[in-house]
Amino acid sequence: MNRRSYHPVRLPMYDWPQVRAATERLETALQDALAGTLGLPSSDCVPWPEERGLEVDWLQPGLLLSQTCGYPLTHALSGRVRPVGVPHYAADGCDGGRYCSYLVVARDSGHQTLADLQGSRAVYNGPDSQSGMNVFRHEVSRIAGGAPFFSCVKESGGHLASLHAVAEGMADIASVDAVCWALACRELPDLVSRLRSIGRTGSVPCLPLVTSLRFSEADAEKIAVAVQAIFADAAFAEDRDTLLINGFSPVSEADYAPILEMEREAARRGYPELT
């Protein structure tokens, strides 16, 4: 590739304050490994702009490595970024490179199944989320009969905000990524003590690591090898454990076809929106 500026490695999807230090150390390790593998001078690494959004970041030509959700990968980012691989997570509900979501309600609620929540208030993290919206919509579509199911559906802006909304009585149910649920159980026991799960959703590949199309397929293969080495290096075992990472495997955009099928199936059932 031509010598041009690039941005630092960023792992934003599970970057909670409680695990920020481990995230930063892993980002630095990946940054050093990729720069060495691809022959990128450190002088060409330029900081991310102060004011930015993830969708803007993911489409930057200087994107070296970041993590996105499978839903944007199959929609707004389709054909516009290059998937590298997927971390594996040591969390209940994760299996190899796949994950599901937990359907979460207040601990003292009387709800036992999703069907019990008809007419209740739902909250989701964002419209471009696989774990918080798409798979939630898919699960509800099985029982909604093509009609609105909830009395109210609100967007929270993040899984943690959704958990707080349910715990504080502002919503009755949320669908939360299995990795986020595991992190919350470990890092935020007071919050989780006010919540419980009533079930799990279907699974799809975990959140992919991506790079810019500016990097070739051969570059992406080198990046994948370097990431796998860092994810196996004993020097970073404690940080990986903190972030629940226990493996890695290459992926392509085609591997995320089940996300599109969930969306299509909900539409065929007459439930194209989470309502």
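Laid out as a table, the results:
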item	result
Relative contact order [Cα under 8 Å, 6+ residues apart], the stretch 37-144, whole percent	20 percent
Whole-Å distance, taken between Cα centres, linking the stretch 35-97 and the stretch 183-201	28 Å
Beta bridges by DSSP in the chain, antiparallel share as percent, to the nearest 5	75 percent
Label-reachable residues, the stretch 148-162, where backbone N falls under 14 Å from a point 7 Å from Gln118's Cα toward its Cβ	148-151
Assigned charges on the beta-carbon of Lys, Arg, Asp, Glu; the stretch 95-204 dipole about Cα centre (debye)	180 debye
Cα gyration tensor category, rounded, prolate or oblate, for the stretch 77-192 with a/c compared to 1.5	oblate
Tensor-based shape of the stretch 218-275 (alpha-carbon gyration tensor, a/c under 1.5 rounded, otherwise prolate or oblate)	oblate
Residues with amide H under 5 Å from that of Phe248, placed H, sequence gap 5 or more	His88
Nearest-0.05 FRET efficiency for Asp241 and Asp92, computed from C-beta distance (R0 22 Å)	0.90
Whether the stretch 22-101 is rounded, prolate or oblate, judged on the alpha carbon gyration tensor where a/c under 1.5 counts as rounded	oblate
Value of relative contact order over the chain, rounded to a whole percent, pairs C-alpha under 8 Å and six or more apart	32 percent
Reduced Cα scattering model of the chain, Debye log10 I(q)/I(0), q = 0.11, 0.16 Å⁻¹	-0.63, -1.21
Two-site FRET efficiency, Cys45 against Arg268, from Cβ-Cβ distance with R₀ of 41 Å, rounded to 0.05	0.30
Order by protection proxy (mean Cβ within 10 Å, highest first), peptides 238-246, 170-178	170-178, 238-246
Relative contact order (%) - the stretch 167-275, alpha-carbon pairs under 8 angstrom, separation at least six	21 percent
Ascending count of other beta-carbon atoms within 10 Å, so fewest first, for Val46, Val135	Val46, Val135
Among Gly157, Gly97, Gly110, residue whose mean-square fluctuation peaks in a GNM of the chain (springs only between Cα atoms under 10 Å)	Gly110
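A short reminder: the numbers here are calculations on the coordinates, not readings from a lab. None of the values given here were measured: they were computed from a predicted structure. We place every Cβ from the backbone using ideal geometry, glycine too, and count neighbours over all the protein chains shown.
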